[in-house]
Every structure is written in C-alpha cells, then in structure tokens.
Amino acid sequence: MINIYKKEDLAPMKSSCELARNVLKYIESYVEVGVTTEELNSLCHDFITKHRAIPATLNYKGYPKSICTSVNDVVCHGIPGKYKLRNGDILNIDVTVNLDGWFGDTSRTYIVGKTSKLAENLVEITKKALEVGIKAVKPYGCFEDIGRAIQHYVESNGFSVVRDFCGHGIGRELHEDPQILHYGDESPYATTTQILPGMFFTIEPMVNAGSHKIKILRDGWTAVTVDGSLSAQFEHTIAVTEDEVLVLTIVD
Ligand code: MF3
Ligand code: CO
Ligand code: CO
C-alpha cells in the first residue's frame, strides 16, 4: 500500500530532508586522505543528534552505525570502521535522519583527492542518472518510467545499473511502498504504478563501472561488485504535489 500524505505533512518532511542534506554538506570538508570512515560516522552522528534528530540507520534491522560509507567497489551499506581514506578513493555517504518522526534520506559520492578519469566519469554519470530519473517523475505519471530512463542513460554511457537495491517510499517510515526500480527491462508483467500527489519516495541509482552483479559480504550488510569494479551512488528524497515534483534533499 502506497501512502498518500496530506498537504500539511510536507512541511515536516521538508525539515527532515533539509537536515539530511545539511549533514552531507557539513561532512564534505572532512572527507580527506587519512580520515577513517568511523571518524566520519561519529561526526555525522553528533551533527544529527545536535539538531535533535535520530540517525535512522543506527540499530535499523541490526545495522550498527549512523551512516553508510561505501568505498570504491562497495555498492551500498558499507559499515564505517577503521579504513583510512586514500587518494583516489570514491566514497558514498548515505545519511538517513528521523526528525520528529519524519524520515529524510539522501546520499552522494565524494572523490578523495585526485582520482582516475574512469572514476571521475562514473561519479558524474551516476549523478546525472539521478537527475534523469527525477526528470522522468510527473504527477499522474508512472514509477516505471524512472527506471527505464535511468537504465537507458547509464547503459548508453557504458556503465551498468545495480538491480538488487531500489528506491522506496518514505515518510513516517524509512522504507515504505513502493519499490522504485532503477532499471526497466526486466519487468515480468506490463504493470504500471501511478505517481500521485502526496507521495514521498527516494530515487537512488547505484551504477557500476563493470557488471551490475553484486554480492553481500559476511558482515551481512556490505554489498560489493562481484567483478571488483567501482560503484557510485546518489540519492534524493522526492515529494509529488498536484502540479510539482519537489526534490526535498536539495535546498537552496
Ligand atoms: N539509507 C539507505 C537507503 O537509502 C538505508 C540504509 S539501511 C542500513 O535506503 F541499515 F543499511 F543502514
Ligand atoms: Co533510501
Ligand atoms: Co539512503
């Protein structure tokens, strides 16, 4: 069941999403050679709690940390730890906050120091893939158009879209219906799900430089590319009104 939120629910969602986005802005200057992902975790944790919110991933289904930190071939859900960032790494930080019972979810991939042309290109194409997905969102349109647009854009640039993770409805809970696929070629039925005013959801494509295939490490969380290729991700939380598509985790 997809929740349809009320007009008055938009204001608290905006606040939560603004905080999540502010965490990504705040942490940017700390993403440097030599810093550990655990240090980044604790800086984000303190920033979130100082703004009277709760880091929503902490203890979520047993996840042990306040953010996800996914380096190089890690696709998503990397667990912060002792790893020290090195020159040329790409690092996704995924921040999910719960502010007054409303969830905001956003992530971006940072480049550490100077990286390869391939990594630079991957990060750029992934960022644009999210933009392409957002452009496919229309009030009274359908969710399937998002994945189709993203897959077409990513594959025509020589990269692949991860299929094992998807975007999701969000609001009073972190993960709500529907699941929002970032690809469009494998739909078993020709079903469509309509995008209606009052829906809140994320789009969060993960793009690999090589094969789209992933595996989960023995910690039960860390998803990595099977072929060891680089992976990047960007995520925004979106709200749809009668006549607008609002990207809540971009605030200017
Ligand atoms: N922020 C992630 C998402 O985009 C959720 C991470 S859940 C965790 O859906 F437990 F892995 F942290
Ligand atoms: Co999400
Ligand atoms: Co997220």
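Please list D227, D105 from largest to smallest accessible area, probe radius 1.4 Å, with all protein chains kept in place.
Solvent-accessible surface, decreasing: D227, D105.
Report the Cα-based extents of region 7-247 along its three principal axes, largest first, to the nearest Å.
48, 43, 30
For Y60 and V33, compute 0.36 nm times the residue count separating them, minus their Cα-Cα distance, and round to one decimal in nm.
Full extension of this stretch gives 6.8 nm more.
Go through region 44-58 residue by residue and turn each phi into a ³J(HN,Hα) via Karplus (6.51, -1.76, 1.60, θ = phi - 60°); whole Hz please, and just put x for glycine and proline.
Per-residue couplings from phi come out as 5, 4, 5, 4, 5, 5, 5, 9, 6, 10, 10, x, 6, 7, 5 Hz.
Heavy atoms only, 1.4 Å probe, whole protein assembly: order C142, C44 by accessible area, highest first.
Sorted descending by solvent-accessible area, the residues read C142, C44.
Which residues' amide hydrogens lie under 5 Å from the amide hydrogen of Y110, considering only partners 5 or more residues apart or on another chain, with H built in the peptide plane?
Here L91, N92, I93 satisfy the definition.
Amide H of E176 versus every other amide H placed in the peptide plane: which residues, excluding those fewer than 5 positions away on the same chain, fall under 5 Å?
Long-range HN contacts for E176: G169, I170.
Report W221's accessible area, 1.4 Å probe, all protein chains in place, as a number in Å² to the nearest 10.
We get 60 Å² for W221.
Strictly greater than 20 Å: what percent of every Cα pair in region 35-168 meets that?
Considering region 35-168, 53 percent of its Cα-Cα pairs are separated by more than 20 Å.
So with the 1.4 Å probe, I'd like the accessible area per residue for region 7-247, rounded to whole Å².
45
Where a Cα-Cα gap under 29 Å defines reach, which lysines qualify for K138, not counting those fewer than 8 residues away within the same chain?
K6, K7, K14, K25, K127, K128
Using the Karplus curve 6.51 cos²θ - 1.76 cosθ + 1.60 with θ = phi - 60°, what ³J(HN,Hα) values do you get for each residue of region 221-236, in whole Hz, with x for Gly and Pro?
10, 4, 9, 10, 6, 5, 8, x, 6, 5, 9, 10, 8, 9, 9, 10
The values are calculated or read from the model by the stated rules, or taken from the named source; none is laboratory data. This is a predicted model, so every value here is computed, not measured. Surface areas here come from the heavy atoms of the whole protein model, side chains and all, with no ligands, DNA or RNA. Shrake-Rupley method; radii C 1.70, N 1.55, O 1.52, S 1.80 Å.
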